[in-house]
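The values are calculated or read from the model by the stated rules, or taken from the named source; none is laboratory data. All values derive from a computational prediction rather than experimental measurement. Note that we place each Cβ from the backbone using ideal geometry, even for glycine, and neighbour counts take in every protein chain shown.
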């Protein structure tokens with residue numbers, strides 16, 4: 001009895017933590033995964049349809065809304081939607097102006113996209129943990145993990161894109177020579193310490209995308225797991241735990257979006273600075 | 001929990017979204033915001049200018065009012081002093097005229113008195129002569145006694 005209950009619980013948890021995966025199965029070819037073992041077998045050549053669907057849906061919704069406002073933008077008295085959009089734009093714009101001192105047309109829109117997109121993707125978490133998977137099951141979809149930022153592929157995909165931008169701007173602003181000199185001669189400006197500096201700086205550089213992507217993933221995934229665990233409790237007691245946890249997430253969700261954006265701006269600002 | 005093509009898919013969609021935001025979302029919004037900022041600054045400036053203008057106009061009005069009040073006071077004062085002077089003059093003229101009339105009346109009376117005295121004196125003289133004639137029962141030769149009569153008249 002206890003054993004079957006615990007195995008049912010772990011099945012529930014595993015089910016909720018598996019993405020809807022489409023990939024190249026060594027035996028079946030390109031197909032949907034029907035179990036964890038299928039996903040393992042597919043390896044790198046697979047794609048999480050649910051993560052991609054929700055992330056793109058939300059990204060498109062965000063840009064559609066902002067584009068609509070941008071087209072009907074007036075310098076006069078703003079409407080309700082325009083007000084919200086402007087608030088986001090002014091908030092991000094001020095932050096970028098205060099943090100990033102170079103001249104760039106990319107940084108501010110990049111920061112805005114990161115902030116709003118991640119904020120909205122995180123916000124799917126406010127929906128009951130079983131709501132979207134249940135609807136998907138009714139529609140015949142086997143697995144559904146709707147919070148894209150609880151998928152390390154999504155967060156690392158963004159973090160690595162930011163990393164690529166860091167490398168691009170470092171080399172563009174400082175040149176290959178300047179960038180390598182910076183890596184080799186800071187923090188200790190002595191030829192004998194070049195290997196030490198290189199190790200230190202390379203680790204520092206590589207940690208940037210890792211810390212960006214894994215922080216967001218860790219926070220969102222952990223929150224998701226806890227919601228799933230709370231969902232295993234009897235329904236009449238759940239509110240004692242999931243209400244405080246959801247209220248706590250009102251703080252966590254914007255905070256994580258903000259941190260991702262802020263660190264991106266700081267890293268790119270460092271990439272623009274000459275020593 | 002494995003890394004797979006999703007990472008690349010997310011990177012691609014991220015790049016597209018950022019590009020779209022940079023191209024079509026950020027510039028119109030930020031330019032409209034800048035325009036509004038300019039408008040508000042202009043509006044505040046205009047309000048400041050209007051306020052200064054108002055202050056200036058108020059000060060000017062106050063100045064004009066003060067000047068007018070002073071002028072009115074001066075005019076009233078002038079009128080008052082002028083009327084006082086006129087009254088004073090009229091009084092003086094009346095006094096002088098009265099005095100003159102009194103003087104002339106007095107002179108006339110004096111004259112009357114003198115002529116009455118003279119007439120009285122002449123009558124008294126003739127009465128005295130008649131009286132004397134009666135007493136003497138003879139006529140007095142007027143020529144002989146002219147001196148005497150004159151002396152008598154003078155004594156009366």
Q. Restricting to the range A:141-169, what's the tally of residues that are over 20 Å from residue A:36 (Cβ atoms) and more than 13 Å from every other protein chain (Cβ to nearest Cβ)?
A. 3
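How about the range A:1-50: which strands (runs of 3 or more DSSP E) wholly inside it have at least 3 residues that are without any contact (Cβ under 8 Å) to a residue 12 or more places away in the chain? It would help to see each step written out before you state the result.
Details: elements: A:21-25, A:29-32, A:46-48.
So the answer is A:29-32.
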Q) Out of A:80, A:67, which single residue is over 29 Å from residue A:232 (Cβ atoms) and at the interface with chain B (Cβ under 7 Å from one of its Cβ atoms)? A) A:67
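Being part of a helix (DSSP H, G or I), surrounded by fewer than 11 Cβ atoms within 10 Å (Cβ to Cβ) and more than 7 Å from chain A (Cβ to nearest Cβ), is that true of even one residue in the range B:31-42?
Of the range B:31-42, the ones part of a helix (DSSP H, G or I) are B:31-42.
Retained after the next criterion (residues that are surrounded by fewer than 11 Cβ atoms within 10 Å (Cβ to Cβ)): B:41-42.
From what is left, the residues that are more than 7 Å from chain A (Cβ to nearest Cβ) are B:41-42.
Yes, there is a match, as at least one residue in the range B:31-42 is part of a helix (DSSP H, G or I), surrounded by fewer than 11 Cβ atoms within 10 Å (Cβ to Cβ) and more than 7 Å from chain A (Cβ to nearest Cβ).
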Q) Pick from B:4, B:45: which is farther than 30 Å from residue A:68 by Cβ and at the interface with another protein chain (Cβ under 7 Å from one of its Cβ atoms)? A) B:4
(Q) Given the criterion away from every other protein chain (no Cβ under 14 Å), part of a helix (DSSP H, G or I) and touching a helix residue (DSSP H, G or I) at 6+ places or on another chain (Cβ under 6 Å), identify the matching residue among A:208, A:172. (A) A:208
Q | Hey, residue A:253 under 19 Å from residue A:127 (Cα atoms) and surrounded by 16 or more Cβ atoms within 10 Å (Cβ to Cβ) or not | A | yes
Q: From A:232, A:210, A:268, A:214, grab the single residue that is surrounded by 18 or more Cβ atoms within 10 Å (Cβ to Cβ) and touching a residue at least 40 places away in the same chain (Cβ under 8 Å).
A: A:268
(Q) Residue under question is residue A:100, and the condition is that it be within 10 Å of chain B (Cβ to nearest Cβ) and within 24 Å of the chain's Cα centre (by Cα); does it hold? (A) no
Q | Criterion (touching a helix residue (DSSP H, G or I) at 6+ places or on another chain (Cβ under 9 Å), under 25 Å from residue A:256 (Cβ atoms) and modelled with pLDDT under 90) met by exactly one of A:104, A:55 | A | A:104
